[in-house]
Amino acid sequence: MTAPTIAFINARLVDPASHYDGPGALITSQGLIAEVTHEVGFADLPPDVRLVDCNGAMLAPGLVDLRVKTGEPGNEPKETLKSACLAAAAGGVTSIVVQPDTLPVADDPSVIDFVMRRARDIGLVHVYPAGAATKGLEGKAMAEIGLMHDAGCVYVTDVDRPIVDSKVMRRLLAYAHGLDLMVAHRPVDPWLTEGAAATESEFAGRMGLPAAPAIAEQIMLERDLALAGLTGARLLVDQISCAPALETLARARAGGVNVLATCSINHLTFNELDIGDYRTFWKLDPPLRSEDDRQALIEAVASGLVDIIVSAHCPAPPEDKRLPFEEAAPGSVGLETLLPALLTLHHEGRIPLLDLIGKVTLAPAEAIGLPSGRLAVGAPADLVLCDLDAPRLINAEELASKSKNSAFDGRRLQGQVRLTLVDGRVVYEAS
Amino acid sequence: MTESAPGPQASKEPFPFPRRHFLSVADLDPPDVVALLDLADGFVSLNRQKAKKLDLLKGRTLINLFFEASTRTQSSFELAGKRLGADVVNMSPRASSVAKGETLIDTAVTLNAMQPDILVVRHGASGAASLLSQKVSCSVINAGDGRHEHPSQALLDALTLRRAFGRVDGLTVAICGDVLHSRVARSNVGLLTMLGARVRLVGPPTLMPSGAERWGVEVFHNLKEGIAGADVVMMLRLQLERMQGAFVPSMREYFRLWGLDREKLARASPRVRVMHPGPMNRGVEIDSDIADDLSLSLIQDQVEMGVAARMAILAAMAARLDND
């Protein structure tokens with residue numbers, strides 16, 4: 001499939017790399033961005049060009065989502081790589097990093113290779129695998145992270161499971177540092193959180209839900225940051241979610257630790273009260289926190305303490321969700337709602353659009369060494385055209401994901417993706 | 001279906017229950033509670049007669065669906081249903097045979113297809129009764145969901161107290177022991193405070209829910225202080241497996257610090273009465289000497305009131321079904 005030449009005129013260009021948010025126009029050619037101007041159009045256009053009049057809609061780099069779960073290989077009824085790619089394209093997400101907690105676990109280069117070949121065959125958005133940090137995600141023996149790195153994995157992680165043994169964590173960080181490979185880790189004290197389904201609070205107490213204090217996150221994060229400081233490794237804090245952990249992160253960063261932190265769009269949008277009458281679509285991991293934590297998280301995104309925002313896309317079929325709250329699987333799908341949900345913070349005037357877009361484009365692209373995430377001549381033509389103000393009522397049944405467990409179901413958002421380009425090819429176009 | 005047959009009569013006409021399901025005391029308003037208690041009072045007299053049977057639920061089917069074992073609550077609902085003329089079926093699916101949650105929804109949907117009128121459910125997970133009520137077309141009564149609620153227990157406790165003291169308003173009630181894991185405590189806090197009682201929660205910090213001091217109650221971490229001057233001391237059952245979870249060190253230490261004996265009880269009001277939802281661990285949370293002293297203990301009354309309170313709930317729900 002060859003990429004057509006497309007000219008976007010009358011756009012609102014939002015480019016975190018050049019720190020530009022203003023009128024402009026852009027031409028893609030042969031899969032790359034060929035021209036960018038701050039004029040609203042071009043004096044003369046090449047022949048056979050497709051002209052897209054943006055009418056002031058936002059043209060931004062396609063989103064890069066560092067935390068996406070699919071069910072492939074091994075649990076395809078949940079989500080296939082293809083259905084995840086379709087959801088991503090519809091959401092303006094042009095690169096996804098898929099998590100290694102599949103069946104089999106991606107703890108060996110052959111699984112990395114399988115995922116990359118499948119993604120190439122599907123040919124929609126870029127799919128980058130993350131490798132397991134330890135064999136079988138068991139936190140005991142290091143996986144073949146060097147071989148997986150060579151095969152194309154962009155970071156290693158044990159996903160939702162913390163690596164409890166500090167000696168294993170230390171060696172993993174030190175070894176990965178030698179490979180210049182980033183380690184992502186979900187900070188959580190597994191003993192404090194054993195059996196918990198919610199954050200400890202007055203609300204969880206009244207609901208009779210087994211709960212754990214939010215500081216379970218801070219406790220493990222303290223250790224992780226100390227070990228990252230000791231080894232010099234690049235640590236990606238996976239889904240920081242509460243105020244005490246943010247304080248810990250700020251202290252470590254001031255001390256020069258080489259750390260990046262993500263948070264999920266869910267924790268920026270919802271608080272524990274959204275659980276309401278035991279609604280399992282709002283059962284998440286980390287569990288939803290207090291409103292104070294949510295506000296602290298928004299502040300941390302605004303101040304730059306949190307670098308990257310992820311969808312934490314986690315498909316779960318009805319048989320895993322239609323259960324009593326404490327027995328239900330955690331997680332929400334999020335690829336299609338990431339951008340409009342993020343725009344809420346722009347519409348509310350909480351965070352400038354340019355900063356918000358940077359958290360889902362340039363910052364994650366740089367974290368894993370991608371050339372995308374910018375509107376620069378010569379960069380891949382991975383783009384999203386989005387009508388920022390268009391109202392949307394999210395209906396989970398209409399989402400492209402195979403699983404419909406969206407915490408945004410029924411929510412009114414603003415922001416409609418009109419066009420998604422990957423390597424200059426149109427992979428999604430709103431009808 | 002509302003015409004009354006000859007035979008024994010309840011002293012009050014059942015009022016139509018304002019909701020389709022009976023899930024939580026939070027769904028009740030004070031007038032509903034008073035109406036249910038008045039209705040239950042009539043059933044207490046009925047239950048003491050030789051002829052105990054009414055036909056308010058004649059033709060109705062009641063299914064007891066108990067995922068957790070229960071002798072007291074299940075037989076109480078069974079008798080309540082039968083005395084009101086319903087056909088009662090008891091089901092006790094064991095959670096171990098199939099993955100837990102599947103049995104809940106699958107079993108409920110299967111039973112629902114058999115056209116029962118009322119489903120009485122007990123399940124080990126908080127929110128289970130609420131989830132089930134969204135999946136079935138019949139009325140659902142929560143007979144205990146995890147640590148969340150046991151609303152019929154709160155109603156029978158309120159009935160017991162109202163009959164023992166003449167009123168609930170103004171009573172000081174100390175609920176003592178393992179509050180964290182207790183659905184009885186949560187339902188009683190909601191209902192008794194609604195009726196104007198002053199509720200105290202008394203227990204070690206490890207067995208107290210976080211934020212309980214914001215439930216409109218007083219929290220104590222010392223039994224002697226917590227029951228000082230109390231009119232009612234309600235002891236909660238300590239699950240013996242709590243010793244494993246590092247909640248408390250041993251049974252003998254628990255009994256020494258948190259068990260109710262005469263010495264500690266002497267600090268309560270002179271008119272104090274003692275309650276326990278059962279089943280009791282004698283010598284762990286309560287001394288047999290107290291449990292068996294009928295001048296102190298309301299524990300047998302609670303069991304008797306349980307049948308009447310559940311008859312009141314069933315009668316009110318049936319009155320609503322008749323109106324639909």
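Among the numbered conditions (1) within 25 Å of residue A:249 (Cα to Cα); (2) of a type outside the set (A, V, I, L, M); (3) within 17 Å of the chain's Cα centre (by Cα), the only one that residue A:352 does not meet is (3). Just to be sure before I move on: is residue B:119 away from every other protein chain (no Cβ under 13 Å), in contact (Cβ under 8 Å) with a residue 24 or more places away in the chain and within 19 Å of the chain's Cα centre (by Cα) in the structure I sent? In short, yes.
Rundown of residues vs (1) over 22 Å from residue A:162 (Cα atoms); (2) without any contact (Cβ under 8 Å) to a residue 24 or more places away in the chain; (3) hydroxyl-bearing (Ser, Thr, Tyr); (4) touching a His at 6+ places or on another chain (Cβ under 6 Å), yes/no style:
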{"residue": "A:75", "(1), (2), (3), (4)": "yes, no, no, no"}
{"residue": "A:95", "(1), (2), (3), (4)": "yes, no, yes, yes"}
{"residue": "A:126", "(1), (2), (3), (4)": "yes, no, no, no"}
{"residue": "A:134", "(1), (2), (3), (4)": "no, no, yes, no"}
{"residue": "A:144", "(1), (2), (3), (4)": "no, no, no, no"}
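The set of residues from segment A:273-327 being under 28 Å from residue B:26 (Cα atoms), among the hydrophobic types (A, V, I, L, M, F, W, C) and assigned to a loop (DSSP other than H, G, I, E, B) comprises A:284, A:288, A:323. Candidates B:62, B:39: the one that is touching a helix residue (DSSP H, G or I) at 6+ places or on another chain (Cβ under 8 Å), at pLDDT 95 or above and either within 19 Å of residue B:130 (Cα to Cα) or part of a loop (DSSP other than H, G, I, E, B) (or both) is B:62. Filtering segment A:308-333 to residues that are among the hydrophobic types (A, V, I, L, M, F, W, C), within 14 Å of chain B (Cβ to nearest Cβ) and either surrounded by fewer than 23 Cβ atoms within 10 Å (Cβ to Cβ) or at positive phi (or both) leaves only A:329.
Scan segment A:201-224 for residues that are within 30 Å of residue A:324 (Cβ to Cβ), out of contact with any Ser or Thr (no Cβ under 8 Å at 6 or more places or on another chain) and away from every other protein chain (no Cβ under 14 Å) and jot them down. Residues satisfying the conditions are A:219, A:220. Taking (1) at pLDDT 95 or above; (2) within 14 Å of another protein chain (Cβ to nearest Cβ) in turn, residue A:336 satisfies each apart from (2). Are any residues in segment B:141-199 among the acidic types (Asp, Glu) and within 20 Å of residue B:27 (Cβ to Cβ), and if so, which ones? The answer is B:145, B:149, B:157. Number of residues in segment A:119-136 that are out of contact with any Ser or Thr (no Cβ under 7 Å at 6 or more places or on another chain) and surrounded by 18 or more Cβ atoms within 10 Å (Cβ to Cβ): the value is 7.
Taking the stated definitions as given, is residue A:44 free of Cβ contacts under 8 Å to residues at least 24 places away in the same chain, more than 27 Å from the chain's Cα centre (by Cα) and not in a strand (DSSP E or B)? Here the answer is yes, as residue A:44 does meet what is asked. All but one of (1) in a strand (DSSP E or B); (2) closer than 27 Å to residue A:331 by Cβ; (3) not hydroxyl-bearing (Ser, Thr, Tyr) hold for residue A:405; state the number of the condition that does not hold. All conditions are met except number (1). Scanning segment A:47-62 for residues that are surrounded by 14 or more Cβ atoms within 10 Å (Cβ to Cβ) and either in contact with a helix residue (DSSP H, G or I) (Cβ under 6 Å, 6 or more places away or on another chain) or free of Cβ contacts under 8 Å to residues at least 40 places away in the same chain (or both) yields a count of 1.
Per-residue answers, yes or no, for (1) part of a loop (DSSP other than H, G, I, E, B); (2) acidic (Asp, Glu); (3) within 30 Å of residue A:322 (Cα to Cα):
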residue: A:226; (1), (2), (3): no, no, no
residue: A:241; (1), (2), (3): yes, no, yes
residue: A:251; (1), (2), (3): no, no, no
residue: A:263; (1), (2), (3): no, no, yes
residue: A:266; (1), (2), (3): no, no, yes
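Just one residue in the set A:112, A:96 is outside any strand (DSSP E or B), out of contact with any Lys or Arg (no Cβ under 8 Å at 6 or more places or on another chain), at pLDDT 95 or above and under 14 Å from residue A:154 (Cβ atoms); that residue is A:112. Within segment A:28-37, the set of residues being in a strand (DSSP E or B) and either under 27 Å from the mean Cα position of the chain (by Cα) or more than 15 Å from residue A:425 (Cα to Cα) (or both) comprises A:28, A:32, A:33, A:35, A:36, A:37. Only one of the listed residues (A:374, A:392, A:350) is within 30 Å of residue A:200 (Cβ to Cβ), outside any helix (DSSP H, G or I) and among the charged types (D, E, K, R). That residue is A:350.
Applying the condition of being under 18 Å from residue B:76 (Cα atoms) and of a type outside the set (A, V, I, L, M, F, W, C) to segment B:140-152 and asking which residue is farthest from the other protein chains (Cβ to nearest Cβ) yields B:152. Listed by first and then second residue, the pairs linking a residue in segment A:158-180 that is over 15 Å from residue A:143 (Cβ atoms) to a residue that is assigned to a helix (DSSP H, G or I) and of a type in the set (A, V, I, L, M), with Cβ atoms under 8 Å apart and 6 or more places separating them unless they lie on different chains, are A:162/A:220; A:166/A:227; A:170/A:227; A:170/A:230. Inside segment B:270-324, residues that are in contact with a strand residue (DSSP E or B) (Cβ under 9 Å, 6 or more places away or on another chain), among the hydrophobic types (A, V, I, L, M, F, W, C) and free of Cβ contacts under 8 Å to residues at least 60 places away in the same chain make up a count of 8. Scanning segment A:134-153 for residues that are in a loop (DSSP other than H, G, I, E, B) and farther than 14 Å from residue A:111 by Cβ gives A:138, A:139, A:140, A:141.
A Cβ distance below 9 Å, combined with a sequence gap of six or more or placement on separate chains, defines the contacts here; from segment B:208-224, residues that are hydroxyl-bearing (Ser, Thr, Tyr) reach residues that are surrounded by fewer than 20 Cβ atoms within 10 Å (Cβ to Cβ) and not in a loop (DSSP other than H, G, I, E, B) in the pairs B:210/A:202. Given the condition modelled with pLDDT of 95 or more, more than 14 Å from every other protein chain (Cβ to nearest Cβ) and touching a Leu at 6+ places or on another chain (Cβ under 8 Å), answer yes or no: does some residue in segment A:274-286 qualify? Within segment A:274-286, one or more residues are modelled with pLDDT of 95 or more, more than 14 Å from every other protein chain (Cβ to nearest Cβ) and touching a Leu at 6+ places or on another chain (Cβ under 8 Å).
In summary, residue B:184 fulfils each of the numbered conditions (1) closer than 20 Å to residue B:296 by Cβ; (2) free of Cβ contacts under 8 Å to residues at least 40 places away in the same chain; (3) within 14 Å of chain A (Cβ to nearest Cβ) with the single exception of condition (2). The residues of segment A:166-205 that are in contact with a Lys or Arg (Cβ under 7 Å, 6 or more places away or on another chain) and charged (D, E, K, R) amount to a single one, A:202. When residue A:203 is tested against (1) surrounded by fewer than 24 Cβ atoms within 10 Å (Cβ to Cβ); (2) touching a Cys at 6+ places or on another chain (Cβ under 8 Å), only condition (2) is not met.
The values are calculated or read from the model by the stated rules, or taken from the named source; none is laboratory data. Since this is a predicted model, take the numbers as computed values, not measurements. We place every Cβ from the backbone using ideal geometry, glycine too, and count neighbours over all the protein chains shown.
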